[in-house]
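Here it is, the structure, as structure tokens.
The values are calculated or read from the model by the stated rules, or taken from the named source; none is laboratory data. Keep in mind it's a predicted model, so treat the numbers as computed, not measured. Ligands, DNA and RNA are excluded from the accessible area calculation, which covers all protein heavy atoms including side chains. Shrake-Rupley method; radii C 1.70, N 1.55, O 1.52, S 1.80 Å.
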Amino acid sequence: MIQRSYLRETLNLLKEASKIKYSTLSALGTYLVLYSSLIPFSNNILEVFYPSIKTIEIPVADSKMTTVIWCLSMCFQTTIIIFLQFLKPYVLSYVFPIFTSLYSSSFYLMYLFGKVPNEGFWFFSI
């Protein structure tokens with residue numbers, strides 16, 4: 001009888017440890033998903049610290065360095081979110097990365113339709 005209760009207590013402790021481990025991974029995944037919402041703005045963040053990055057031309061891409069960084073960051077954000085699904089983050093945390101992706105992509109679509117955004121209105125100007 002004593003052995004059975006000891007076994008039952010051990011199994012209960014293992015279940016609790018499993019819940020804590022799952023909860024910790026889920027919280028970490030949620031934090032990383034929320035952090036990934038800043039990735040599309042990495043070119044703007046880099047411009048604050050390195051203002052000369054606006055003038056660097058990339059001949060292979062036929063555009064400026066900030067545009068190349070933005071394109072790579074959009075791909076990188078999607079890849080990170082796909083890999084973070086394995087950590088089972090809270091579903092509500094996906095709202096901010098989806099919003100930032102759509103917000104950033106809208107500027108690409110505006111140029112396709114021939115519209116030029118007013119950067120003083122849409123961006124934080126320094």
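Could you state how much accessible area Val33 has, in square angstrom rounded to the nearest 10, with a 1.4 Å probe and all protein chains kept in place?
Surface open to solvent at Val33 totals about 0 Å².
Based on the Kirkwood radius over alpha-carbon pairs, what value in µm²/s does the Stokes-Einstein equation return for the translational diffusion coefficient of the stretch 45-85 at 4 °C and 1.567 mPa s?
114
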